[in-house]
Amino acid sequence: MKTFVHRGQITKVVFGSGTRCRIPEEAGALGCRRVLVLCTPDQADQAAQAGDLLGAAAAGTFAEAAPHTPVEVTGRAVAYARSVGADSVLAVGGGSTIGLGKAITARTGLPQLALPTTYAGSEMTPILGETEGGRKTTRRLAEVLPRTVVYDVELTHTLPAPVSVASGINAMAHAVEALYAQDQDPVAFLMAGEALDALARSLPVIARRPDDAEARADALYGAWLAGTCLGTVGMALHHKVCHVLGGTFGLPHAETHTVVLPHVVAYNAPAVGAAMARLARALPGDDPAGALFDLAGRLGAPRALRDLGMPRSGIEQAAELVVRDGYWNPRPVDRSAVHAFLTRAWAGETP
């Protein structure tokens, strides 16, 4: 008999094509009358369109969201939100922008709506990761979950193929860890498997035909499921490694997940047979780690940490930080093991 605890989500999800037009309606349903729009500098145009949809309910735009949610950026955003009398925030973008929205919510209590434009999945998790002094830490806070997430497949059509692939494999990482998480449950296992199936079949199509509407819808569907899994069952070694690499060396988030995932899967495989069997259904073969590595190669995604800007000299420091206050993992982790697979990941070698 299985024994488990399942945590249901409270976030309202609106999924479809052209659904961004519902933003004013969804904001109104939450009683939001002064909505601060958040974005990164390069998504100012999309944020402006969201502001136009909100009309008089738009309180302004803060366009300084940055990767890994630096606390100094959050401080400026909170000050701006207060100066314009915002009663809520709308994050338009990927994980960087949604992370900023969570950080603002954690400090002010303002409710957040999200309009994702990538496959990051952060919008479906209560996890807040922040960077300060070159170190990234994470907290799990139920109150930072967006109240409403509006998925508009049309917003992903112009996402460049290389960005789409890395973002999609990042989403796959959420699903993979959900298959063997400490608090894994049957619902999460089913969702994680479905997410992996959807992403495995859609990403190769997007790499060839970035404007394929069906593949885009399939990928966003998979990303939603993967993010939901991450939000309900938590994280293990893979996410710890990526948080260390991103926070310490400033490596790009999705690309780091793409490089690291096959190596952590190879390390954990002996301890998680059922998870590997399910992953093999999505990526057929007798070596799931190798299949993930080969998938990244076929799709033109990065496979070496050195190509992302990590110095070889950083491997020692990273290994030490990974085992310090490490996350739960199905296979015991020691510094020498982490050093070994980080060395292979740095060089772009097979897992």
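Measuring nothing but how far apart in sequence close Cα pairs (under 8 Å, 6+ apart) lie, relative to its length, region 1-152 scores a relative contact order of 27 percent. Under 5 Å from the amide H of Leu90 lie the amide H atoms of Leu36, Val37, Leu38, Leu113, each residue being 5 or more positions distant or on a separate chain, with H modelled from the backbone and absent for Pro and chain starts.
Where does the charge balance sit around Thr117 when Lys and Arg score +1, Asp and Glu -1, over other residues with C-beta under 15 Å from its C-beta? My count for the surroundings of Thr117 gives -3. Of the listed residues Asp287, Asp45, the order by accessible area with a 1.4 Å probe, largest first, is Asp45, Asp287. For region 132-210, the Kirkwood estimate of hydrodynamic radius, built from reciprocal distances between every pair of different alpha carbons, is 15.0 Å.
Surface exposure of the chain, expressed per residue as accessible area with a 1.4 Å probe, stands at 39 Å². Debye-formula intensities of region 178-222, expressed as log10 I(q)/I(0) at q = 0.23, 0.32 Å⁻¹, are -0.70, -1.01 (one equal scatterer per alpha-carbon, no solvent). Springs between alpha-carbon atoms under 10 Å, Gaussian network over the chain: tell me which of Asp286, Asp197, Asp294 tops the mean-square fluctuations. Its mean-square fluctuation being the largest, the pick is Asp286. With 0.36 nm allotted per residue and the present C-alpha distance subtracted, the Ala274-Ile10 stretch has 92.2 nm of extension available. Within the accessible surface of the chain, defined with a 1.4 Å probe on protein heavy atoms only, the carbon and sulfur portion equals 53 percent. Spatially, region 41-62 and region 64-84 are offset by 16 Å when compared through their Cα centroids. Rolling a 1.4 Å probe over the protein heavy atoms leaves Leu110 with an accessible area of roughly 30 Å². Principal-axis analysis of the Cα atoms of the chain puts helix 44-54 at an angle of about 50° to the longest axis.
Remark: region 292-308, residue by residue, has Karplus-estimated 3J(HN,Hα) of 5, 4, 5, 4, 4, x, 4, 8, x, 7, x, 9, 9, 5, 5, 6, 9 Hz, where x stands for each Gly or Pro and the curve is 6.51 cos²θ - 1.76 cosθ + 1.60 at θ = phi - 60°.
GNM on the chain, alpha-carbon springs under 10 angstrom: the most fluctuating residue among Pro270, Pro67, Pro204 is Pro270.
With a cut-off of 14 Å between beta carbons, the residues surrounding Pro210 carry a summed charge of -2, where Lys and Arg count +1 and Asp and Glu -1.
The equivalent ellipsoid of region 271-351 has semi-axes of 24, 19, 9 Å, largest first, where each one is the square root of 5 times an eigenvalue of the Cα gyration tensor. Run the 1.4 Å probe and let me know the accessible area of Arg335, rounded to the nearest 10 Å². Near enough 90 Å² of accessible area.
These residues, Arg216, Arg201, go from largest to smallest accessible area, 1.4 Å probe, as Arg201, Arg216. Contact order for the chain, expressed relative to its length and based on alpha carbon pairs under 8 Å spaced 6+ residues apart, stands at 15 percent. Normalising the average separation of contacting C-alpha pairs (under 8 angstrom, six or more residues apart) by the number of residues puts the relative contact order of region 87-182 at 27 percent. Considering only Glu177, Glu72, Glu154, the mean-square fluctuation computed in a Gaussian network model of the chain, springs between alpha carbons under 10 angstrom, is largest for Glu72.
The values are calculated or read from the model by the stated rules, or taken from the named source; none is laboratory data. Just so you know, these numbers come straight off a predicted model, no measurement behind them. As a convention, Cβ positions derive from the backbone with ideal geometry for all residues, glycine included, and neighbour counts pool all protein chains shown. All accessible areas refer to the heavy atoms of the entire protein, side chains included, with ligands and DNA or RNA removed. Shrake-Rupley method; radii C 1.70, N 1.55, O 1.52, S 1.80 Å.
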